[in-house]
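Please read the structure below before turning to the comments.
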Amino acid sequence: MKTASFGTALLLSLALLSPTALTAQEAETGIIDPEQPRVEEPVLELPGEAPDTDDPRVGEQPDDPEAQADVAEETEAVAAPAEDAPVSPRDDENVQIWGNLPPLEVVGQPVQGGTGYMPAASPVAHDTHWVSYLVHYIMLGIVLLVIFLVLFCVVRFNRRTNPNPARFTHNTRLEVAWTLGPVLVLIVIGSFALPVLFKQVNVPESDLTIKVTGYQWFWGYEYPDYEFGYESFLLQQDELEAAGYEPSHYLMATDTAMVVPVNKTVRLQVTGADVIHSWKINSFGVHMDAVPGRLNETWFRAEREGIYFGFCSELCGLDHSFMPITVKVVSEEAYEEWLDWAIGEFGGSRPEQKVAAAR
Ligand SMILES: [Cu+2]
């Protein structure tokens, strides 16, 4: 019991402390790696400088109308953005996108006020969406049936139209019907949903393998065929533009990304290094738990080039919300170029090279 109350106290103190205040504490206790990047409170930046209250000139208005006009002009110059600022960060030639990757359209991302799913971009995602819509239509039918039955009873069996209610309590045929009906509905749903569930975990012949490791609080990607790996951290607000992202991609974009070729089957091996995380990309229909000491397998075949965002989907601790996932699906040529770059950058090798060296 002692451990349980200690754990509760620890959780409570974690919840009460702000992320920045925790850094000192965690360095002291050694529970959490102090080298991990801390999430900073977003700082609102106002255009121009905030008035300094100690400055005696604050609040002082020049009497001269010309001087007043000058002040107004100055304020405007500060507030108005520079005219030649690029519309999108990606139009700016100075933006260095990680890994010499081509600029990509963002395909899989949540949208403000959106309903439904992020666009499906893999066979499994198409299937899961289909099953989901099937279940929704079945649900709609059941809801309409129940509404009809309630209204029918209200109209047909109210006190005025039916002053002497029947006294029977059982109806065998009706009871069989309301047992068999739902069973049939479940069989229909199961016969469509189970094959999709199996499809998610039965990996077809794959073109490449990527091992994903969840850490508190970032992701690691390894390309075992090429013997390299790297880590992927959340981009802070002031780092987004330089990495080719929009400000709205904050909390979704990461400094590096998983890079895969389009229309190739990727075998994903997912594990956790410390606690249970979950690697999820909605557009691929992939949602796989990253469990320490266990290697879970799943797969996807991305059908469309672009950037896909996802999130850790298993509550994994303090910075659970700050370990998003970015996947870049690129053309095969761009993938090969990126592989060359990554092999150089992270010290890997191509299997062909190793075979040649062994001869
Ligand atoms: Cu996590």
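The values are calculated or read from the model by the stated rules, or taken from the named source; none is laboratory data. Given the structure is predicted, the values throughout are model-derived calculations rather than measurements. Here the Cβ is made from the backbone with ideal geometry for all residues, glycine too, and neighbour counts use every protein chain on show.
General observations
- Evaluating F152 against the criteria (1) at pLDDT 95 or above; (2) among the aromatic types (F, W, Y); (3) within 16 Å of the ligand (Cβ to nearest atom) leaves one unmet condition, (3).
- For region 241-271, a residue qualifies if it is of a type in the set (A, V, I, L, M, F, W, C), assigned to a strand (DSSP E or B) and more than 18 Å from V107 (Cβ to Cβ), and the qualifying residues are L268, V270.
- Among residues of region 112-129 that are of a type in the set (D, E), those with a beta-carbon under 8 Å from a residue that is outside any loop (DSSP other than H, G, I, E, B) at least six positions away or on a different chain give the pairs D127/V196; D127/K199.
- Unique residue being surrounded by 10 or more Cβ atoms within 10 Å (Cβ to Cβ), part of a helix (DSSP H, G or I) and either modelled with pLDDT of 95 or more or of a type outside the set (D, E, K, R) (or both) when the list is L180, L104: L180
- Filter result (under 16 Å from the mean Cα position of the chain (by Cα) and either aliphatic (A, V, I, L, M) or surrounded by 20 or more Cβ atoms within 10 Å (Cβ to Cβ) (or both)) within region 233-253: L234, L235, Y245, H249, L251, M252, A253
- Residue pairs whose Cβ atoms lie under 6 Å apart, separated by 6 or more positions or on different chains, with the first residue in region 208-228 and farther than 14 Å from V260 by Cα and the second part of a loop (DSSP other than H, G, I, E, B) and within 16 Å of the ligand (Cβ to nearest atom), are T213/A273; Y215/A273; Q216/D274; Q216/G317; W217/D319; W217/M323; F218/F233; F218/M323.
- Restricting attention to region 116-167 and to residues that are surrounded by 12 or more Cβ atoms within 10 Å (Cβ to Cβ) and of a type in the set (G, A, S), the residue that is nearest to R304 (Cα to Cα) turns out to be A121.
- Total residues in region 289-326, condition in contact (Cβ under 8 Å) with a residue 24 or more places away in the chain and away from the ligand (no atom under 11 Å from the Cβ): 17
- Selection within region 243-287 - in contact with a Cys (Cβ under 9 Å, 6 or more places away or on another chain) and either closer than 13 Å to F218 by Cα or away from the ligand (no atom under 16 Å from the Cβ) (or both): G272, D274, V275, I276, H277, S278, W279
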